[in-house]
Each structure stands twice: as structure tokens, then as C-alpha cells.
Amino acid sequence: IHFTGLSLWVGTSLAVDMRLLGVGRKRVTAAQLQRQLFAWNWIGFGIVVLGGFLLFSSAATTFLVNAAFIWKLTRFLPLALAWHIVVQAKTPSWGRAEETPVLAKLGGGLEICLWLSVAMAAVLIPAY
């Protein structure tokens, strides 16, 4: 369940971020794409939270002492989620034109980097 939600969540987020970076069909602006994917993005997030809770509840005591898990949940995830909300809020104004402003490109690129840090922390959980 968790990975299905991640596919939906990350896929829709990455599509908008890549469009902000100038990649993709020029017929659709980043603002239009964000509007079309908005509901799917947050549905994916809901599935991620549910699946994550189920994974956590299966071995909660193990996760609570895992350094990678703690970093993921207390540092990387809140920062990436907060930035995702900023990008979601700013995309309608950033992405109106075919060519997005430099600030929008930086915002999309930063979001991709933040989600990669969350993924890297998740990959390291079994090592700790």
C-alpha cells in the first residue's frame, strides 16, 4: 500500500516539478498540469500516510530507535512536505506562461532534491 501511494504521490509531484523545470509538453503549462493532478497528488499522499502507518505499526519499537527513520520523520519529511505545499501554492502564479521563471525552476528542483533525501533516508532504514 505504501509504495502504491508513493508512486502516485511522487509521480504527480515529479510531473509538476519537471514541468516547472521546463521539461514536458509545452502545450500544457505547469499551472494547468498542477490543477489537473492536484486531487491525485493528495490522494496518493493519503495512501502513503495509511501505508506508512501500517508499516510502522508492524515494528514500532524497532523504528523508534532507528537513526535513519528518525531523521526521515523528524527532519527530511517535514521539510519536504512544507516545501511541497509552497510549490503547490506558488505553481498557479509561477507556471502560467510556457517559460517558467528562474525562481519556479529553483523551487521545482529543490522539491525534487528534498524528496530524494527522504527516499535516501528510507533506503537506509534497514542498515540501522
Q. Right, residue 76: touching a residue at least 40 places away in the same chain (Cβ under 8 Å) and assigned to a helix (DSSP H, G or I) or not?
A. yes
Q. Where residues in segment 1-33 are over 17 Å from residue 117 (Cα atoms) and hydroxyl-bearing (Ser, Thr, Tyr), which of them is farthest from the chain's Cα centre (by Cα)?
A. 29
Q: Just give me the residues in segment 16-36 being surrounded by fewer than 19 Cβ atoms within 10 Å (Cβ to Cβ) and in a helix (DSSP H, G or I), in sequence order.
A: 18, 32, 35, 36
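Which residues, counting only those in segment 79-123, are outside any helix (DSSP H, G or I) and surrounded by fewer than 19 Cβ atoms within 10 Å (Cβ to Cβ)?
96, 97, 98, 99, 101
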Q: Would you be able to say whether some residue in segment 65-73 is crowded, with 16+ Cβ neighbours inside 10 Å and over 21 Å from residue 124 (Cβ atoms)?
A: no
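Within segment 71-92, count every residue that is small (Gly, Ala, Ser) and within 21 Å of residue 33 (Cβ to Cβ).
Count: 2.
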Q. Quick one: how many residues across segment 57-95 are more than 16 Å from residue 118 (Cβ to Cβ) and among the charged types (D, E, K, R)?
A. 1
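We did not get these values from a lab; they are worked out from the coordinates using the rules stated. All of these numbers come straight from a predicted model, not from anything done at the bench. Heads up, the Cβs are rebuilt from the backbone with ideal geometry, glycines too, and the neighbour counts pull from every protein chain shown.
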